[in-house]
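Structure, as structure tokens:
What follows draws every value from the coordinates through simple rules; no lab data is involved. Everything numeric here is computed off the predicted structure, so don't read it as measured data. Reconstructed Cβ throughout: ideal geometry from the backbone, glycine too, with neighbour counts over all protein chains shown.
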Amino acid sequence: MRTGSSPLFRFFPYLLLGIIGFAVVVATENAAPVGPRLSRHARLVDLIAQEDDRTRSLRARLESLQTQITAFELAAGTGQRNLEQLRGEIDRLGRLVGVTEITGPGVLVELRDSTLRESPTGDPNDLVIHEQDLQAVVNALWAAGAEAMSINGERITAASAVRCVGNTLLLHGTVHAPPYRIESLGDTGALLEGLRQDPFVERFRVFAAEFRLGFATGVVPAMTLPPFRGLVAANFARPGAG
């Protein structure tokens with residue numbers, strides 16, 4: 001005789017499924033992390049390593065640029081010093097060439113024709129200033145370190161020719177008559193000493209005293225000399241044949 005199924009038997013499949021599901025959930029929660037979580041961690045490690053490399057590269061670039069800046073600053077300082085030296089040399093040469101106006105202390109020398117009507121020797125040439133007299137004074141002043149010079153307001157240079165035609169001075173195409181005022185800038189003590197020791201100037205002093213020629217010197221605290229108004233001729237050496 002068949003008997004009816006027990007209630008416990010009818011619910012057994014459902015109870016079994018519940019036990020299996022609970023086991024799966026517990027197993028899942030206790031398992032080690034897998035899949036995407038491991039991938040994200042790996043990517044983070046790689047990113048940190050890349051940023052560290054990038055930082056080191058940027059730091060090295062920065063140090064390189066700082067080294068270059070220091071080198072440029074040193075070069076600029078050297079260039080500035082060289083520029084100042086060149087400017088000083090240009091200024092010094094400009095004074096000798098006479099292309100610019102210049103002001104400073106200096107010595108004034110004035111030469112005049114004689115006050116005598118007749119020469120004791122009977123030669124009228126004894127009573128006038130000649131080019132050799134002017135040349136003696138000018139050369140003595142240059143030798144004593146004159147920085148700049150002018151005659152009757154006409155700027156002269158180391159290459160200027162002092163020439164007389166009769167009893168007049170021809171300078172840069174301009175005619176000048178006595179008295180002749182020679183102005184020279186520089187160390188006034190050295191300039192006066194140069195005039196005193198120069199043998200040609202001393203010889204002129206003797207003639208000036210004998211024939212009553214005018215010869216006077218004086219110190220001027222500040223004199224201004226005009227720029228050279230003539231043409232500066234430049235001569236260049238050329239190699240010889242062969």
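Just a few scattered comments:
- Added length on full extension, which subtracts the Cα-Cα distance from 0.36 nm per residue, Arg56 to Glu110: 11.5 nm
- Nitroxide proxy distance, nm - points 7 Å out along Cα→Cβ at Phe72 and Thr168: 6.4 nm
- Relative to its residue count, the stretch 102-225 spans a Cα convex hull of 91 Å³ per residue.
- Ascending count of other beta-carbon atoms within 10 Å, so fewest first, for Phe211, Phe200, Phe72, Phe228: Phe72, Phe200, Phe211, Phe228
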